[in-house]
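The values are calculated or read from the model by the stated rules, or taken from the named source; none is laboratory data. Keep in mind the model is a prediction, meaning the values are calculated, not measured. When we count neighbours, we look across all protein chains shown, and the Cβ atoms used for this are built from the backbone with ideal geometry, even at glycine. Ligands, DNA and RNA are excluded from the accessible area calculation, which covers all protein heavy atoms including side chains. Shrake-Rupley method; radii C 1.70, N 1.55, O 1.52, S 1.80 Å.
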Amino acid sequence: MTAQIPAHKKAKGLPRGNVRPAKDLCSDCGLCDTHFIHYVKEACAFLNQQFDQLETRVHGRQRDLDQEQEMYFGVHQKMVAARKTEPIEGAQWTGIVSSLACKMLEEKLVEGVVCVQNSPEDRFQPMPIIATTPAEILAARVNKPTLSPNLTILEQIEQGGFKKLLVIGVGCQIQALRAVQDKLGLEKLYVLGLPCVDNVTRAGLQKFLDTTSRSPETVVYYEFMQDFKVHFKHEDGSTETVPFFGLKTNQLKDVFAPSCMSCFDYTNGLADLVVGYMGAPFGWQWLVVRNETGQAMFDLIADQIETQSVDSKGDRRAAVQNSIPAYDKGVTLPMWAAKLMGVVIEKIGPKGLEYAKFSIDSHFTRNYLYTRRNYPEKLDAHVPAFAKKIVSQYKLPED
Ligand code: FAD
Ligand code: SF4
C-alpha cells in the first residue's frame with residue numbers, strides 16, 4: 001500500500017515579489033513562499049484570526065479576560081525580569097535568546113534552531129535559516145528590525161530530516177506556524193517568542209533611520225526603550241537617544257507596515273516562552289513563561305541569569321487617552337519640548353508592567369482605529385476578544 005501524499009505537497013509556493021493572499025496586509029511571514037501556502041486561508045494571521053482555538057490547542061485553555069494580567073499578557077504561569085550575568089557582546093539586550101538557543105542545541109533537545117541572520121551585503125536585511133551550530137545561532141543575534149520571512153524554512157524541515165526544532169519568531173510568524181505545526185512531521189516543537197510592534201519593510205526602515213538618526217548609515221542597532229527614548233548604537237560604539245515624543249510622526253505615519261498597524265499580538269500569545277523587555281525595569285529583559293514547555297526552556301537558562309520580580313508603578317490611563325489624538329494626527333513636538341516631556345514622563349510615568357500596558361493600550365487603540373478605517377469589513381472578526389476589551393476602556397474618535 002502506498003502512503004498518501006499530504007495535499008499541501010502538491011502546492012507550490014509563490015515566487016518572491018508576487019502579491020500574497022493577504023495582499024496589503026501580508027507581513028511576509030514566509031508561509032506563502034512554501035507549499036504550505038495550501039493552508040493559507042486558515043493559517044494566515046491576517047486572513048483568519050483564531051486566538052481562542054490556537055491558545056486552547058497550545059496552552060490547554062484560552063486567556064482569562066476577567067484577570068487583567070492575562071487579558072494583557074496572555075496565558076502564562078509566571079513573569080520575571082532577568083538579565084544574563086555575562087551578557088553576549090552585540091546581542092539586542094543581554095542575549096538571553098541566543099544563549100537559550102545555544103543551550104538547547106548543545107543539550108540535544110533540538111537538532112535545529114530557526115533564527116534570523118542578515119544578508120552578507122546589508123546588516124538589516126533578514127535572512128532566516130535553520131541553525132545547526134552555536135556559531136550560526138550567535139551570528140543571528142541582534143534584531144533585524146524589518147519584516148522577516150521566517151517561515152520560508154518550512155520545506156527545509158522535512159528535507160533536512162529535523163524532528164526536534166526550536167523556532168524563534170514574532171507573533172504573525174508564530175500564529176501561522178502554530179496553525180500548520182501538525183503537518184511538519186516534528187516530534188517536538190519549541191517556540192521562543194519575541195514581542196513585536198511597529199515593524200517595517202527594509203525601505204520603511206531606511207526612512208525611519210533617515211528621519212530619526214543623526215547618522216543613519218552607521219546605525220548598527222536600535223531599540224524603543226522603557227525610558228521613552230529610542231536608543232541608537234553606531235559603528236564607532238557611540239550611542240544616540242531620541243525621545244519618543246520628538247519623533248517626526250507626521251513623516252513616519254505611513255512607515256509602519258499595514259500588517260503591523262492591524263496586529264493585536266504584541267506579546268506573542270502562542271509562544272511557549274516570550275523574551276522581550278517591555279515589562280521589566282530599564283536594562284533588564286522580560287520573560288513570560290506560558291506553559292510547561294516554556295518552563296522547561298526557562299530552567300535550562302536559569303544558571304546563566306539573575307532575576308528579580310516584575311513590578312508595576314504609575315497609572316497609564318490618562319497618558320494613553322491623551323496620546324490617542326496625537327498618534328492619530330501625527331503631531332510632532334519641538335525637540336526641547338519633547339525632551340522636557342520625556343524627563344517628566346520618565347519621573348512620574350508608568351513603569352514595569354504598567355509601562356507594558358501603556359504600550360499595549362497605545363498600540364491597540366491606534367491599530368483598532370486603523371483597521372476600522374481601512375478594513376471595516378474585517379474589523380469584527382479580525383480583532384480578538386481580548387483586544388476589543390482593552391480598547392473599550394478608551395474613548396475613540398467617532399470619525
Ligand atoms: P539576541 O540574543 O540578540 O537574539 C535576537 C534574536 O532575534 C535572534 O535569535 C534572531 O533570530 C531574532 N530576530 C532578529 N530579527 C528578527 C525578525 N525581524 N523577526 C524575527 N526574529 C528576529 N520586545 C519588547 O519587549 N517590545 C517590543 O516592542 C519589541 N519589538 C520587537 C520588534 C522586532 C522586529 C524584534 C525582532 C524584536 C522585538 N522585541 C520587542 C524583542 C527585543 O527587542 C529583543 O529581541 C528580545 O528581548 C531578545 O533580546 P536578546 O538580547 O535576548 O536577543
Ligand atoms: Fe502568506 Fe504570511 Fe503573507 Fe499571510 S502574512 S499572506 S501567510 S506570507
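Observations
- Candidates in region 170-197 are the residues that are surrounded by fewer than 20 Cβ atoms within 10 Å (Cβ to Cβ) and of a type in the set (D, E, K, R); of these, the one that is nearest to ligand 1 (Cβ to nearest atom) is K188.
- Hey, L14 of a type in the set (A, V, I, L, M), within 16 Å of ligand 1 (Cβ to nearest atom) and either modelled with pLDDT of 95 or more or over 19 Å from the mean Cα position of the chain (by Cα) (or both) or not: no
- Screening H363 against (1) at pLDDT below 70; (2) open to solvent by 10 Å² or more (accessible area, probe 1.4 Å) leaves a single unmet condition, (1).
- Selection over region 46-86 of residues that are within 16 Å of ligand 1 (Cβ to nearest atom), open to solvent by less than 70 Å² (accessible area, probe 1.4 Å) and either without any contact (Cβ under 8 Å) to a residue 40 or more places away in the chain or over 20 Å from the mean Cα position of the chain (by Cα) (or both) gives a count of 1.
- Condition check for D66 on (1) in contact with a helix residue (DSSP H, G or I) (Cβ under 6 Å, 6 or more places away or on another chain); (2) at pLDDT 95 or above: one failure, at (1).
- Yes/no for T34 being farther than 25 Å from M261 by Cβ, touching a helix residue (DSSP H, G or I) at 6+ places or on another chain (Cβ under 6 Å) and more than 7 Å from ligand 2 (Cβ to nearest atom): yes
- Selection count where residues are open to solvent by 50 Å² or more (accessible area, probe 1.4 Å) and either on the phi > 0 side of the Ramachandran plot or in contact (Cβ under 8 Å) with a residue 60 or more places away in the chain (or both), scope region 124-143: 2
- Pair list, Cβ under 6 Å, 6 or more apart: region 156-182 residue without any contact (Cβ under 8 Å) to a residue 60 or more places away in the chain, other residue of a type in the set (G, A, S): E158/G185; F162/G112; L165/G112
- The criterion of at least 1 residues that are in contact with a His (Cβ under 7 Å, 6 or more places away or on another chain) is met by the following helices (runs of 4 or more DSSP H) wholly inside region 90-201: 154-159.
- Residue in region 239-259 that is touching a residue at least 40 places away in the same chain (Cβ under 8 Å), in contact with an Asp or Glu (Cβ under 7 Å, 6 or more places away or on another chain) and either under 20 Å from V142 (Cα atoms) or surrounded by 20 or more Cβ atoms within 10 Å (Cβ to Cβ) (or both) present: yes
- Filtered residue count, region 104-123, keeping only those that are within 20 Å of F162 (Cα to Cα) and either within 22 Å of the chain's Cα centre (by Cα) or open to solvent by less than 40 Å² (accessible area, probe 1.4 Å) (or both): 9
- Residue list for region 245-258, restricted to those being within 20 Å of the chain's Cα centre (by Cα) and either in a loop (DSSP other than H, G, I, E, B) or within 12 Å of ligand 1 (Cβ to nearest atom) (or both): K253, D254, V255, F256, A257
- Of all positions in region 125-134, at least one carries a residue that is away from ligand 2 (no atom under 16 Å from the Cβ), out of contact with any strand residue (DSSP E or B) (no Cβ under 8 Å at 6 or more places or on another chain), of a type in the set (S, T, Y) and farther than 27 Å from M278 by Cα.
- For region 274-301, filtering for residues that are within 11 Å of ligand 1 (Cβ to nearest atom) and under 19 Å from the mean Cα position of the chain (by Cα) leaves 12.
- Where a residue in region 144-155 is at negative phi and among the small types (G, A, S) and its partner, wherever it lies, is open to solvent by 10 Å² or more (accessible area, probe 1.4 Å) and within 6 Å of ligand 1 (Cβ to nearest atom), with Cβ under 6 Å and at least six apart: S148/V116; S148/P126
- Considering residues of region 372-393 that are closer than 22 Å to R316 by Cα and either without any contact (Cβ under 8 Å) to a residue 24 or more places away in the chain or touching an Asp or Glu at 6+ places or on another chain (Cβ under 7 Å) (or both) only, the residue surrounded by the fewest Cβ atoms within 10 Å (Cβ to Cβ): S392
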